[in-house]
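What follows draws every value from the coordinates through simple rules; no lab data is involved. Just so you know, these numbers come straight off a predicted model, no measurement behind them. All Cβ positions, glycine included, derive from the backbone under ideal geometry; neighbour counts span all protein chains shown.
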Amino acid sequence: MSKAMKNDMLRASIPAIAKPDVLILTKGIYSFSDDDVAHIMEKVKNFKDFNPNNDPHGEHDFGSFEYKGKRIFWKIDDYNGHGGYQLVLTVMLADDY
């Protein structure tokens, strides 16, 4: 299975991501209301705007979008089982980066 397929499957499993994979939301994301967090997660889950500029290796491991005037980043890191984790999906404000 390609990295892009693995990463797409991880995002498609939101909110039911479980170990050995993990979902991390930064403090900046949690500053939004619960409804807003749900909308942000839905946008991450359904993100399809991949192109050579934001996905040069075709791995579908990063995305960004605007939400209520804030730039949101999400990224997937492959830990290859290190520390007991496989794929780590982090959702953050661009300011958190």
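Numbers for the structure displayed
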quantity: Matching residues in region 14-49 - criterion: being surrounded by fewer than 15 Cβ atoms within 10 Å (Cβ to Cβ), under 18 Å from residue 79 (Cβ atoms) and within 11 Å of the chain's Cα centre (by Cα); calculated: 24
quantity: Output for region 67-97, where each listed residue is closer than 15 Å to residue 38 by Cα and either exposed (fewer than 12 other Cβ atoms within 10 Å of the Cβ) or of a type in the set (Gly, Ala, Ser) (or both); calculated: 68
quantity: Residue in region 40-52 that is in contact (Cβ under 8 Å) with a residue 40 or more places away in the chain and more than 17 Å from residue 12 (Cβ to Cβ) present; calculated: no
quantity: Helices (runs of 4 or more DSSP H) (entirely within the chain) containing at least 3 residues that are of a type in the set (Asp, Glu); calculated: 34-45
